[in-house]
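Here's a structure for you.
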Amino acid sequence: GLCAAAILTKVYKKKVTVFESHYIAGGCAHAFDRKPGKSSKGFEDTVFTFDSGPTIVLGCSKPPYNPLRQVLNAVGKSEAVEWLRYDGWGMIVRENSAADDDHEWQRWKFPLGPQNFQSQILSQYPTDPAAATLEFEELRRVTSPLVSMGTSIPAMAMRADTSQLIPLLLRYPKPLLDIIKGGDGVTDTFARYMNGPDYVVRDLWLRNWLDALAFSLSGLEASRTPAAAMAYVLYDLHREGAALDYPRGGMGSIVEALVEAIQE
């Protein structure tokens, strides 16, 4: 809602009114502050900021930019948010769900970038590392056509009116051809790549990892997450220069930037 209002205000020069159902702007991505209780001696004046929704994003600090960063660029707020870059995140995984002993938990860092996941993680944890690595690389290959739209065609260029089709074809012929070749896979869920018919992931550890990735993205398992979104994540986390982005001050800083753009 805030993105649409900011675009209408800044790009199309429209007068916009935004109705927010919550007392804090931002919808499911709003942030809120809390102070510790009186019993927290020495921290009475400390203010903690909590994100109610997403805590990390992809494609905001460096190209190829995601749609959110494209909106911030379009409304003149690209410099209003400072992005902190992370080269991975820590994982704590209990391999045996029936065990409570600390030694049953595995702690490792998921590294971003090309080949890091294969050489550092897939080489250790699956039952058959070689087979899991081959499956992972083949999965990325068969889903690569779904990535073209997200990485090559800016979201701002995608318009509902048919008059934009010819300019899109002239400027982005290959990505549009990939989309056409992808057929239903572009709009379908990732189930067709987990369970067939386009591909089948057989390694149990890899399937669990894909579900964990999907949950962080959509709150659902991989088979119920949009295929294009999963394909983009599999591309973006493993490309050269990959990073996880977090806005300094929390997700609320993005909301504040969009609100400022609307109110200016």
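Six or more apart or on different chains, Cβ under 9 Å: which pairs go from a residue in the stretch 201-220 that's under 15 Å from L134 (Cα atoms) and in contact (Cβ under 8 Å) with a residue 60 or more places away in the chain to one that's among the acidic types (D, E) and in a helix (DSSP H, G or I)? Could you list them?
V201/E135; R202/E135; D203/E135; L206/E135
Can you name every residue in the stretch 104-127 that is exposed (fewer than 15 other Cβ atoms within 10 Å of the Cβ) and in a loop (DSSP other than H, G, I, E, B)?
P114, Q115, S123, Q124, T127
Continuing with the same structure: Tell me yes or no: at least one residue of the stretch 47-54 is surrounded by 14 or more Cβ atoms within 10 Å (Cβ to Cβ) and either modelled with pLDDT of 85 or more or outside any loop (DSSP other than H, G, I, E, B) (or both).
The answer is yes; a qualifying residue exists.
On to the next question. So, of the residues in the stretch 12-46 that are under 25 Å from the mean Cα position of the chain (by Cα) and under 16 Å from V75 (Cβ atoms), which turns out to be surrounded by the most Cβ atoms within 10 Å (Cβ to Cβ)?
Filtering the stretch 12-46 for residues that are under 25 Å from the mean Cα position of the chain (by Cα) and under 16 Å from V75 (Cβ atoms), the one surrounded by the most Cβ atoms within 10 Å (Cβ to Cβ) comes out as G26.
Let me ask another. If I go through the stretch 221-240 residue by residue, how many of them are open to solvent by 30 Å² or more (accessible area, probe 1.4 Å), of a type outside the set (D, E) and modelled with pLDDT of 90 or more? It would help to see each step written out before you state the result.
Quick first cut of the stretch 221-240, residues open to solvent by 30 Å² or more (accessible area, probe 1.4 Å) only: 221, 223-224, 226, 229, 232, 235, 239-240.
With of a type outside the set (D, E) added as a condition, the list becomes 223-224, 226, 229, 232, 235, 239.
Subset that is modelled with pLDDT of 90 or more: 223-224, 226, 235, 239.
Adding up the residues that qualify gives 5.
When you go through A242, A257 one by one, which is the residue that is of a type in the set (A, V, I, L, M, F, W, C) and within 14 Å of the chain's Cα centre (by Cα)?
A242
Suppose we keep only residues that are in contact with a Phe, Trp or Tyr (Cβ under 7 Å, 6 or more places away or on another chain) and among the hydrophobic types (A, V, I, L, M, F, W, C) within the stretch 187-213. Which one would you say is surrounded by the most Cβ atoms within 10 Å (Cβ to Cβ)? Reasoning before the result, please.
So in the stretch 187-213, the residues in contact with a Phe, Trp or Tyr (Cβ under 7 Å, 6 or more places away or on another chain) come out as 193, 199, 205-206.
Now drop any that are not among the hydrophobic types (A, V, I, L, M, F, W, C), which leaves 205-206.
Values: W205: 17, L206: 20.
Step by step, filter the stretch 187-213, then rank; the result is L206.
The values are calculated or read from the model by the stated rules, or taken from the named source; none is laboratory data. These numbers were taken from a predicted model, which means no experiment stands behind them. In this analysis, Cβ positions are derived from the backbone assuming ideal geometry, glycine residues included, and neighbour counts consider all displayed protein chains. Heavy atoms of the whole protein, side chains included, go into the accessibility calculation; ligands, DNA and RNA do not. Shrake-Rupley method; radii C 1.70, N 1.55, O 1.52, S 1.80 Å.
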